[in-house]
Amino acid sequence: MTGYKVEPIAQHKCRTGENPLWDAERKRLYWTDIPTGRLFVFDHATGEHEQIYEGEPVGGFTLQEDGRLLLFRVKDIAIRHDDGKVDPLLPFKAEGVPRFNDVIAAPDGSVLAGTMGKKMKGGVFHLTADRNIKNLWQGTNCSNGMAFTADRRRFFWTNTTTRAIYLHDYDEETGAITNRKPLVQVPEGVGAPDGMTLDTEGHLYSARWGGRGVFVYSADGSQVSKIDIPVDAVSSCAFGGPDMDELYVTTAMYDEQRPDAGTLYRVRGLGVKGLPEYRSEIGVD
């Protein structure tokens, strides 16, 4: 993978920029800075970007069918309306789980929400349309990137603590996630896998915290290339743009001496297109 161009498009000094999410209808990208409790939006047509939320830290979010943002915060799940008003929907508290971290809407409109954890109590929760939330599994201090394959039959999950990416079977009718298999194991000393996304050819794009790039893997877990990003802590990535052929990459101020740390980057010229993310359909009214 050569000939691509990496360009900085927004610098808000994000302590931990995360969860980039493309809104195909409005042609804009959202992302969060978790520690400072801020949300931002980048408008593709104008190139303008701005902060649209400040409050309780948002560990991850989804786009609802109507375009509103479903926020997974420290103590609750909330809805952000288009006018900026935020209404709490569901309180959240779990032993050994300080907050959410990275979430994804499933094909059926439910949401899989990762969490941070203490003593390996972090994992993934499942939120259904009727606001029922249950713990699917534990076993990490930092649950991270997730993705569904185009055929809706497989599901990827990142365990940053153990530096591993797993592949599961996914049953769209029942929502069951089964048969976990290790797909990628990142060696010690070269960073840890973080957020992820997929392209239409089935390649997995895994942001590498401490690895200065986005690592690209084939369906069998073999590394096929690396997209170099000029900062150490690369936290997540998502395809976007009108033709879904631009890769947006969030970073963190891992090294505060670097003036470009915490920047949102855009990668063009990869020659591939990404899969659009699903929208959540959680009852909010």
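Observations
- For segment 243-261, a residue qualifies if it is closer than 20 Å to H203 by Cα and of a type outside the set (A, V, I, L, M), and the qualifying residues are D243, D245, E246, Y248, T250.
- Residue match in segment 260-272 (condition: small (G, A, S), buried (at least 19 other Cβ atoms within 10 Å of the Cβ) and assigned to a loop (DSSP other than H, G, I, E, B)): yes
- Check on T197, surrounded by 13 or more Cβ atoms within 10 Å (Cβ to Cβ), under 19 Å from D220 (Cα atoms) and touching a strand residue (DSSP E or B) at 6+ places or on another chain (Cβ under 9 Å): yes
- Residues that are in contact (Cβ under 8 Å) with a residue 12 or more places away in the chain and of a type in the set (S, T, Y) within segment 35-53 comprise T36, Y53, listed in sequence order.
- Near pairs, Cβ below 9 angstrom, 6+ apart or cross-chain, from segment 165-180 (under 16 Å from L204 (Cβ atoms)) to any residue that is of a type in the set (A, V, I, L, M) and in a loop (DSSP other than H, G, I, E, B): I165/V186; L167/A219; Y170/A106; Y170/A176
- Here G202 fulfils each of the conditions (1) in contact with a strand residue (DSSP E or B) (Cβ under 9 Å, 6 or more places away or on another chain); (2) surrounded by fewer than 17 Cβ atoms within 10 Å (Cβ to Cβ) apart from (1).
- Within segment 205-223, the set of residues being surrounded by fewer than 21 Cβ atoms within 10 Å (Cβ to Cβ) and closer than 14 Å to R154 by Cβ comprises S218, A219, D220, G221.
So that you can scan it fast, the table gives a plain yes or no per residue for (1) in contact (Cβ under 8 Å) with a residue 40 or more places away in the chain; (2) closer than 21 Å to I34 by Cα:
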position: P242; (1), (2): yes, no
position: L247; (1), (2): yes, yes
position: T250; (1), (2): yes, yes
position: R258; (1), (2): no, yes
position: T263; (1), (2): yes, yes
position: K273; (1), (2): yes, no
position: E277; (1), (2): yes, yes
position: E281; (1), (2): yes, no
position: V284; (1), (2): yes, no
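- Those strands (runs of 3 or more DSSP E) of segment 1-97 in which at least 2 residues are of a type in the set (V, I, T), considering only elements entirely within it, cover 5-11, 76-80.
- Exactly one residue among A24, A94 is surrounded by fewer than 18 Cβ atoms within 10 Å (Cβ to Cβ), modelled with pLDDT under 95, within 30 Å of I165 (Cβ to Cβ) and hydrophobic (A, V, I, L, M, F, W, C), and that residue is A94.
- For segment 66-78, a residue qualifies if it is in contact (Cβ under 8 Å) with a residue 40 or more places away in the chain and more than 18 Å from the chain's Cα centre (by Cα), but none of them does.
- The listed residues are A238, A150, and the only one of them that is under 20 Å from A106 (Cα atoms), assigned to a loop (DSSP other than H, G, I, E, B), under 19 Å from the mean Cα position of the chain (by Cα) and among the small types (G, A, S) turns out to be A150.
- Restricting R68, R99, R80 to residues that are surrounded by 13 or more Cβ atoms within 10 Å (Cβ to Cβ), among the charged types (D, E, K, R) and over 17 Å from I34 (Cα atoms) narrows the list to R68.
- Residues (farther than 23 Å from I9 by Cβ and charged (D, E, K, R)) located in segment 45-81: E56, E65, D66, R68, R73, K75, D76
- Residue in segment 171-193 that is nearest to V103 (Cα to Cα), counting only those that are assigned to a strand (DSSP E or B) and of a type in the set (V, I, T): I177
- Residue within segment 111-133 that is assigned to a strand (DSSP E or B), surrounded by fewer than 18 Cβ atoms within 10 Å (Cβ to Cβ) and in contact with a Lys or Arg (Cβ under 9 Å, 6 or more places away or on another chain) present: yes
- Selection of segment 156-170 for residues being more than 10 Å from P107 (Cβ to Cβ) and assigned to a strand (DSSP E or B) yields F156, W157, T158, N159, A164, I165, Y166, L167, H168, D169.
The values are calculated or read from the model by the stated rules, or taken from the named source; none is laboratory data. Remember, it's a predicted structure, so these values are computed and weren't measured experimentally. Positions of Cβ are backbone-derived with ideal geometry, glycine not excepted, and every protein chain shown enters the neighbour counts.
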